[in-house]
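Read-outs: derived from the displayed coordinates by stated rules, not from any lab. Since the structure is predicted, the reported quantities are computational estimates derived from the model, not experimental observations. Cβ: placed from backbone, ideal geometry, glycine included. Neighbour counts: every protein chain shown.
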Amino acid sequence: MSHSDTVPLHQSSQSDIDEIESLINASVQSGPATVLPARPPSPPRASIPVVSSSPFIQSNLPPPPPLPSPNQKVPSVPAPAPPPPPSIGASGFGPVPNTLTEPVWDTVKRDLSRIVSNLKLVVFPNPYREDPGKALRDWDLWGPFFFIVFLGLALSWSASVKKSEVFAVAFALLAAGAVILTLNVLLLGGHIIFFQSLSLLGYCLFPLDVGAVICMLKDNVMLKVIVVSVTLAWSSWAAYPFMSSAVNPRRKALALYPVFLMYVSVGFLIIAID
Amino acid sequence: MDLNPHAGENYAHPKTCLFHVIFKAAALAFYILFALFISNFVIIFVVTVLLAALDFWVVKNVSGRILVGLRWWNEINDLGESVWKFESLDQESLARMNKKDSWLFWWTLYLTAAAWIVLAIFSLIRLQADYLLVIGVCLTLSIANIVGFTKCRKDAKQKIQQFASQTIAAQVSSTIQSAIFSAV
């Protein structure tokens with residue numbers, strides 16, 4: 001408030017100036033308090049502690065104080081400071097993000113532990129599983145890649161003739177099968193993410209891999225049938241919760257039947273190879 | 001992006017550049033040599049695809065970070081939606097990146113994809129479906145990296161622009177505020 005005015009101000013202009021001042025004071029006071037919110041850390045997973053890969057960085061600089069919100073009497077300058085874009089990735093604000101400068105060994109360890117935790121989450125029986133539909137939130141395709149190749153190799157090893165064709169057929173069948181099954185769920189109006197589903201179907205091959213190795217070592221037909229049935233049931237059981245939660249309950253069977261069919265055909269391949 | 005590397009500058013991270021190139025070259029070389037001379041498809045498939053997958057991982061996680069300061073990945077948020085995340089270094093660090101490094105990075109990415117496409121055409125002509133499978137996998141991995149990093153680079157430029165305009169807006173508003181203060 002200037003005290004050097006000799007001319008008394010008009011009633012309305014005095015109140016305008018008061019309003020502007022009070023708004024400015026209010027914004028200056030509340031300015032430093034509005035620090036950029038950090039993204040809440042993702043919920044802890046039920047397994048191996050993974051190095052947090054949050055890309056969000058706390059800004060070191062306080063943001064500019066938000067401008068006064070529009071008021072009927074005050075024509076305000078536009079808009080409060082816009083919320084920061086989620087993956088702000090340091091456009092000049094503060095320290096360089098964690099995952100960009102981490103040592104290579106950390107990245108390797110993080111990916112390896114992710115594979116193991118995904119495997120545990122999907123394949124092994126866990127009655128305390130929180131929400132089967134949320135399995136494989138951190139999908140990755142390394143696990144499926146290794147399992148498919150391993151199954152192809154096991155089948156190819158057991159075959160006495162046409163080894164290359166067996167491998168190629170097994171790989172193509174599994175890879176194309178996973179893609180088509182995912183498309184099937186999407187076309188049925190289900191809600192899944194393409195890569196998440198590919199990842200899941202690949203991880204569920206783990207029991208069949210085990211079965212294939214056992215059948216490779218022992219050539220008894222009866223044993224093969226038993227082993228394959230058990231591992232087939234295990235694989236289907238592992239894939240069931242995720243697939244069924246992704247579709248409309250009336251279409252569950254339509255989504256699950258092709259998955260079962262694919263695993264059955266792989267099982268037949270394992271039994272019939274000699 | 002010009003065709004010639006900047007003369008007079010040396011590679012800032014020679015080991016990373018080496019790894020960036022070596023897996024790509026190994027996958028291509030192995031495929032070409034063995035497909036010509038050895039008829040064991042299984043070995044060719046497994047080794048080539050393994051080398052291509054390793055190269056994908058190295059480019060995405062190591063050389064992308066170190067040579068050009070970019071990183072991309074996909075996450076699934078709490079609502080179950082798939083979100084592509086891009087990360088980049090801040091502007092000063094990006095400007096300080098070695099030009100030769102980034103030239104090597106981008107050109108080897110493009111050249112590898114082109115080489116796989118050429119090999120795919122050869123395979124098509126010779127009607128070898130199983131070799132086409134190998135090439136298909138390797139090509140998919142190369143293209144995924146190219147698309148990912150290109151999107152990431154665009155995103156980084158956009159963020160820099162956004163930050164610049166934000167700073168200007170902040171400056172303008174603080175100037176106005178100080179003007180109002182001093183006027184009172």
Any chance B:ILE180 is farther than 30 Å from A:SER164 by Cα, within 11 Å of chain A (Cβ to nearest Cβ) and in contact with a strand residue (DSSP E or B) (Cβ under 8 Å, 6 or more places away or on another chain): no
Which listed residue, of A:ILE193, A:ILE148, A:ILE214, A:ILE180, is under 31 Å from the mean Cα position of the chain (by Cα), farther than 19 Å from A:ARG114 by Cβ and of a type in the set (A, V, I, L, M): A:ILE180
Residues satisfying the stated conditions in region A:242-259, i.e. in contact (Cβ under 8 Å) with a residue 12 or more places away in the chain and crowded, with 17+ Cβ neighbours inside 10 Å: A:PHE242, A:MET243, A:SER244, A:SER245, A:ALA246, A:VAL247, A:ALA255, A:LEU256, A:VAL259
Per-region count, region A:175-199, residues closer than 14 Å to A:ARG251 by Cα, within 11 Å of another protein chain (Cβ to nearest Cβ) and of a type in the set (A, V, I, L, M): 0
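In the list A:PHE260, A:PHE268, A:PHE242, which residue meets the criterion of being under 16 Å from A:CYS215 (Cα atoms) and not acidic (Asp, Glu)?
Answer to the selection: A:PHE268.
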3 or more residues more than 30 Å from B:LEU79 (Cβ to Cβ): qualifying helices (runs of 4 or more DSSP H) within region A:176-262: A:206-217, A:221-246
Complete set of residues in region B:85-100 that are within 9 Å of chain A (Cβ to nearest Cβ), under 17 Å from B:GLY64 (Cβ atoms) and over 15 Å from the mean Cα position of the chain (by Cα): B:ASP90, B:SER93
Answer residue from region B:24-62, given it is among the aromatic types (Phe, Trp, Tyr) and within 14 Å of chain A (Cβ to nearest Cβ) and is surrounded by the most Cβ atoms within 10 Å (Cβ to Cβ) among those: B:PHE45
Helices (runs of 4 or more DSSP H) fully within region B:1-109 counting 1 or more residues that are of a type in the set (D, E, K, R) and under 19 Å from B:ALA144 (Cβ atoms): B:14-37, B:41-58
Subset of region B:63-81 (residues that are surrounded by 20 or more Cβ atoms within 10 Å (Cβ to Cβ) and among the aliphatic types (A, V, I, L, M)): B:ILE66, B:LEU67, B:VAL68, B:LEU70
Long-range neighbours under 8 Å by Cβ, at least six apart or interchain, first residue touching a residue at least 60 places away in the same chain (Cβ under 8 Å) within region A:158-174, second not in a helix (DSSP H, G or I): A:SER158/A:ILE273; A:SER158/A:ASP274; A:ALA159/A:ILE273; A:ALA159/A:ASP274; A:SER160/A:ASP274; A:VAL166/A:ALA159; A:VAL166/A:ILE273; A:LEU174/A:LEU205
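Please determine, by comparing only the residues of region B:113-130 that are out of contact with any helix residue (DSSP H, G or I) (no Cβ under 7 Å at 6 or more places or on another chain) and part of a helix (DSSP H, G or I), which one is nearest to the other protein chains (Cβ to nearest Cβ).
B:ALA129
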B:VAL134 vs. criteria β-branched (Val, Ile, Thr), surrounded by fewer than 19 Cβ atoms within 10 Å (Cβ to Cβ) and in a helix (DSSP H, G or I): no
